[in-house]
1. Which pairs break 26 Å Cα to Cα here: A:LYS215/B:LYS89; B:LYS23/B:LYS206; A:LYS9/A:LYS88?
2. With every protein chain left in place and a probe of 1.4 Å, what is the accessible surface of A:LYS88, to the nearest 10 Å²?
3. Just to check I understand the Karplus step: with θ = phi - 60° and J = 6.51 cos²θ - 1.76 cosθ + 1.60, what whole-Hz values come out for the range A:272-279, glycine and proline as x?
4. As a test question: what accessible area, to the nearest 10 Å², does A:MET242 have when a 1.4 Å probe is rolled over all protein chains in place?
5. When the accessible area of chain B is split by element with a 1.4 Å probe, what percent falls to carbon and sulfur?
6. Summed for both chains, how many Å² of accessible area, to the nearest 100, are buried between B and A with a 1.4 Å probe?
7. Please report the orientation-averaged projected area of chain A, defined via the convex hull of its C-alpha atoms, in nm².
8. Taking Cα pairs under 8 Å and at least six residues apart, what relative contact order does chain B come out at, in percent?
Amino acid sequence: MSELTTLQKWLTSIIVRPGMLDDKIRLADEYYQLKNDKVIRPSLRLSAKQKIEIYSKGYILRLLECIEAEYPALNKLLGQNLFHTFVKAYLVQLPPNSPDLYNLGEAFPAFLKASQPQTTHSDTDVLMYNLPVDLAMFERCIAEVSRIEGLENRIKEGADNQMPYLFNTTAIYTSPCLKLLRLQFPLVDFVQSVYNDLEPEIPVTQDSFVCVCRKNYRINFHELEAWQWHFLNRLQNKPNYMAAVIDTATICSIPTDTIMADLILWIPVAISFGYVYLK
Amino acid sequence: MDTIATNRLGLPNLGLGVGLRSKHYSHLMQNDPVVDWFEIISENYMNNFGYGRHVLSHIASIRPVVMHGVSMSVGSTDPLNLDYLKQLKQLADFVNPVWISDHLCWTGVANINTHDLLPLPLTVESLHHVANRVNQIQDILQRPLILENPSTYLEFESSTLHEWEFLSELVNRTGCGLLLDVNNVFVSGFNHGFDPEFYIRNIPHKSVVQIHVAGPTDCDTYLLDTHDQPVPTQVWKLYQLAQELTGGVSTLLEWDANIPEYPELVAEVQKAKEVLKGRLPNVPVYRTSAVDVVSNPVNHQMQATHE
Ligand SMILES: [Fe+2]
């Protein structure tokens, strides 16, 4: 290993490792056979360790800020102390490896899910542990929808006002930035309250069908009826309107005719929010 | 010492610019940008097809744009991240930037990215390593890379070169350009006890393409590059010297946290005009005793537009 490689591995290991600074430095010194005060030049004002601390402290604070920006509602739900505890544990388990900070929080919902206690006591407990996981999934979804390719360059001028779907349902496609989530808590109002700086109400468990989408660079998220959600879900998997209607009817035990009649009323709404569009 | 020489690798003096930040998106979509040019943090727009890219596309149609990156990790001993460079090039095809810059630093090793601008030991080994990589990067990007001096908080005992010597030799070996951050010179000068004026007098002025100004924070025993305050008098003084020695290069105000409203930001960068007339604003370095001061050179922008 070149001297430069060794120094870089030594410093990186101190910066990303958890624990007390003195312990981290001692472990790195031992492992790489270096002595911190021979590696880093001390000054009159600061020792080698204090200089390293500027970087190790900055690392955590900076990444905490980034994840806080992505998960404001989860931060509100857990309270800052608990939220920070989870984020720090997450960063220890999965130190960032992408040049893009947008990827930093990607695995956070899965991390929260995996860190739920293995032995659970009651159904209520299970649900309470699921609430932060659901919320994290929802917020990550919003972050993704804000960045991925959307409809902005696809919708034809005035397409919103057309109603050809009545005659040509084969032209109806789901938006490339439509994301569908099935949650155990209705979280739309909770997240909206946090965004609006209002005190959110903790939701009680209830099957929730959510869609997140972007149109004209505005993010929409709504609670859907089960049949609407299943219809979009089928159409997203396979762009075939009639097949989606039939599947939805089966899944929801609703007559096909009823679904079709309801869709005639609902499709214009779905177009206006950008869930679907006419190709 | 160089006398006035306005080579800048043949690149233009764009005048006074500011960083494009999400806080000002809606303002900029409705108002004249006033400033001459913009700098973007490249990583905030790579793989971003949301509102940010829409605003960028508008800005790029009315003003020159420069791409400034934080994740190239020129000094890392990991292999060059070719995926990253490919994405950077794709963004450049979209933006058509006047130039592309990053920092003389490394961001991590063994596939870890600390998202910090970490200092290199300034040795002949590092110089050789960085020069090789800069040459490769320039071949890939098909343009000169412009490298910025970072703020640093530690020095390696093994360093045998001063940063100005390292940069001068790097320019000789690669033909790269320099982004002289006079605030970083001020910060590092204080932290390591060198004379910032001496540093600025001893870099190759012809290769300086751009200058950064910013406001740091005095944390008592060290200065931290926080980009969250007005530019202090000392930094303006170094700016004045740098403009004198370079013959005039593009100037950019960095403000990444505690960001003011757009008109205030513009007023801050326009102080540069007064400085060049010899009128230095009287602004002390911001001091704090808070323990959780953070330097966020990466300016992460999770700008969901859900309002
Ligand atoms: Fe800078």
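The values are calculated or read from the model by the stated rules, or taken from the named source; none is laboratory data. Fair warning: this is a prediction, and the values are worked out from it, not measured in the lab. Neighbour counts are summed over all protein chains in view; Cβ atoms, including those assigned to glycine, are modelled from backbone coordinates with ideal geometry. These area figures cover heavy atoms from the full protein model, side chains too; ligands, DNA and RNA do not enter into them. Shrake-Rupley method; radii C 1.70, N 1.55, O 1.52, S 1.80 Å.
1. From A:LYS215/B:LYS89; B:LYS23/B:LYS206; A:LYS9/A:LYS88, over 26 Å: A:LYS215/B:LYS89; B:LYS23/B:LYS206.
2. For A:LYS88, the solvent-accessible surface is approximately 90 Å².
3. In residue order, the calculated couplings are 5, 8, x, 5, 10, 8, 9, 7 Hz.
4. Probe radius 1.4 Å; accessible area of A:MET242 about 80 Å².
5. Solvent-exposed carbon and sulfur of chain B make up 49 percent of the total.
6. 5100 Å²
7. Taking the Cα atoms of chain A, their convex hull projects to 20.9 nm² on average.
8. The normalised contact order for chain B reaches 21 percent.
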